[in-house]
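Written out below as structure tokens is the structure these notes cover.
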Amino acid sequence: CLQGFTLRDGRCAYSDGGTSDINKHTGAAMYAGNIGTPSYIVDCVITNCFAYRGCVRGGSVIRTLITDSGGHNGGLTRFSRLINCIVFGNCAAAAAASKHALGHNCEAYGTTFIGVSKDNALMTENAIATNCLFLTCRSVNANMKYGGCYAWNIRDAVPSGVSLTVADPQFRDAAANDFRLLTTSPAYGG
């Protein structure tokens, strides 16, 4: 468990070099294998970490800011559990774009995603989001599992059958990076 640290400048190669090894070039900030692995990042900041297969792979990330980081194949995070985090202002490095903020086999609970990647792609399939907020995103996946989530400023049409409320979550001042909710927010207390 790491608590109260800033994890920055992690790097892992951008090309898989033709290998099929899914563990290669992954986890620039943390590599903990798979979801449920007893590894934790708590009350931290993850910044400027780039890997071909995600800046975080496996374990749980709790009350942590993930910013200015990137992944390419499979997303910013992979096989991870995000709890009460803020995923904000992540980007591409070199030619590799962060395809999705919540990547393969991830779970997010009470997490806020804002402008999540270079093209604001939100999630890939095989991911779960519960009581999350999404601001300025695209590519809402019909195969995702949502519960109690609110989205605002979605660039693509939300697929039919997706259990996702499209409503302004009423951040205090998103333009100034203040993502606290107003008491009038439909998601307040969620």
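Are any residues in the range 54-94 aliphatic (A, V, I, L, M) and at pLDDT 80 or above, and if so, which ones? Explain how you work it out, then say what you get.
Residues of the range 54-94 aliphatic (A, V, I, L, M): 56, 61-62, 65-66, 76, 82-83, 86-87, 92-94.
If the condition is that a residue be aliphatic (A, V, I, L, M) and at pLDDT 80 or above, then VAL56, VAL61, ILE62, LEU65, ILE66, LEU76, LEU82, ILE83, ILE86, VAL87 are the ones that fit.
Conditions tested, residue by residue: (1) within 15 Å of the chain's Cα centre (by Cα); (2) modelled with pLDDT under 75; (3) not in a strand (DSSP E or B).
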| position | (1), (2), (3) |
| --- | --- |
| ASN126 | yes, no, yes |
| THR136 | yes, no, no |
| ALA142 | no, yes, yes |
| ALA151 | yes, no, no |
| ALA175 | no, no, yes |
| ALA187 | no, no, yes |
| GLY190 | no, yes, yes |
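Mind listing whichever residues of the range 95-124 are at pLDDT below 65 and not hydrophobic (A, V, I, L, M, F, W, C)?
Residues satisfying the conditions are SER98, LYS99, SER117, LYS118, ASP119, ASN120, THR124.
The values are calculated or read from the model by the stated rules, or taken from the named source; none is laboratory data. All values reported here derive from a predicted model rather than from experimental measurement.
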